[in-house]
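See below for the structure under consideration.
What follows is calculated from the coordinates using simple rules that are stated; it is not laboratory data. On a predicted model such as this, the values are computed, not experimentally measured, just so you know. Cβ atoms come from the backbone with ideal geometry, glycine included; neighbour counts cover every protein chain shown.
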Amino acid sequence: MAGVLAGILGCLAGVASAQQDQANPANPRLDKFGVKMLFQTAPQGREWFNRWNEGTQRTITWGPDSIDPEFIVRGSGKCVIYGKSGENAGQAKIAGSAPRLYVRGSHSEEVPPPTGTTKWNNVEVTFYAKTTDAGSRLSYAGLEAVCKTNHFPDSDDPSTKGYGGRVLFDGRVDIEKELSHGKSSNIRTSPAFVWTDKDGGERSKNPSLVESNGNKPVYELPLNKWIGFKLVARNCNSGTGVLVEVYVDKTNGANGGDWRLVKSIKDIPYDPAEAGRYFSKELWYDAEDFKSKGSAVPAQHGKPITAPDYSVYLRTDGNIEQFYKFFSVREIELAE
């Protein structure tokens, strides 16, 4: 019995040691890139950190990175990983009409995925991005991470549900819940506006956005500046709901980053008796798609996405050019 207990304790110590390896020894609140972790990695929680500072420069248009098979490029575009040398060492550049960057345990498009493919559950997703060309500035484009999803392949519609945190080119910050990719049934929160005249973004001429901001000026996402982004999604309410948060850092990671919460939502089960609460400005205020199309996907209709799933991915659209660094995904404890 003592030997079994010692073995168990040894395994737990090994897990703790592996997690500590991903932290900054000088400051355990910083990750291996020197970025502040808002929440510690859960015991035995899964972690992934980009390996863009390894190897030589390489370009991926579709499929996994040769050095890190869990990093997978899909969509319409390309990803240049700069490797360990040069001016952009440790960075990646994406370009194209609809590039997608996945962190996933398998690049197989089998449905279901191969047995043993790992899943992500409660996560803190972090990256820094610098947009050098916003392309066609589509209304739904900017910086976005999506979690609690599979989305692999898109043709497997029941697996495309998920939560996305969006920091958009036009100045809005919101959270989107995808119910069904094939039926385009998405619902969104009311927008928040985080940029000021001191951040370098253009002043918006869109009257509807100004109205949404209480008739105060709206500034667009600044270009050619490193913007820190975090999406945090944690099950809450004893596992019946999901707390989703978006944080932004404007300091390019100084002292680990000055992370400000800019948008949050606590997703709850839909109750027909309280439909007004579900479709309110405090929750899913942009829910016409849910009303008209949500009932067509009863497995996803009005339910918080509490189950783990295979993918976390970054996306943008519109013939853009963006640089990324310090991309990580970590599993954290659920919220109370």
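A few notes on this one:
- Considering only ALA273, ALA95, ALA134, the Gaussian network model of the chain with Cα springs below 10 Å gives its largest mean-square fluctuation to ALA273.
- Relative contact order of segment 46-331, taken over Cα pairs closer than 8 Å and 6 or more residues apart, is 27 percent.
- Most mobile of ALA98, ALA275, ALA287 in a GNM of the chain (Cα contacts under 10 Å): ALA275
- Fewest-first ranking of HIS107, HIS151, using other Cβ atoms within 10 Å as the exposure measure: HIS107, HIS151
- The GluC sites (Glu not before Pro) of segment 101-162 that DSSP puts in a loop, and whose beta carbon has at most 12 other beta carbons within 10 Å, are GLU109, GLU110.
- Over 29 Å between alpha carbons, listed pairs LYS32/LYS161; LYS78/LYS177; LYS148/LYS263: LYS32/LYS161
- Fewest-first ranking of SER204, SER311, SER139, using other Cβ atoms within 10 Å as the exposure measure: SER139, SER204, SER311
- Only helices enter this figure: runs of n ≥ 4 DSSP H residues, each worth -39500 (n - 2.57), summed and divided by the residues of the chain, yield -3000 deg cm²/dmol at 222 nm to the nearest 500.
- Based on Cα atoms of the chain, Rg over Rh with Rh as the Kirkwood radius reads 0.96.
- Ranked by how many other Cβ atoms sit within 10 Å of their own Cβ, fewest first, the residues ARG74, ARG172, ARG58 fall in the order ARG58, ARG74, ARG172.
- Distant alpha-carbon pairs in segment 55-134 (separation over 21 angstrom), percent: 35 percent
- Derived scalar couplings between HN and Hα for segment 189-204 equal 7, 5, x, 10, 10, 10, 8, 10, 5, 7, 8, x, x, 5, 6, 6 Hz in order, rounded to whole Hz, by the Karplus curve 6.51 cos²θ - 1.76 cosθ + 1.60 (θ = phi - 60°), x for Gly and Pro.
- Across ILE60, ILE175, ILE94, mean-square fluctuation computed from a Gaussian network of the chain (C-alpha pairs under 10 Å connected) peaks at ILE60.
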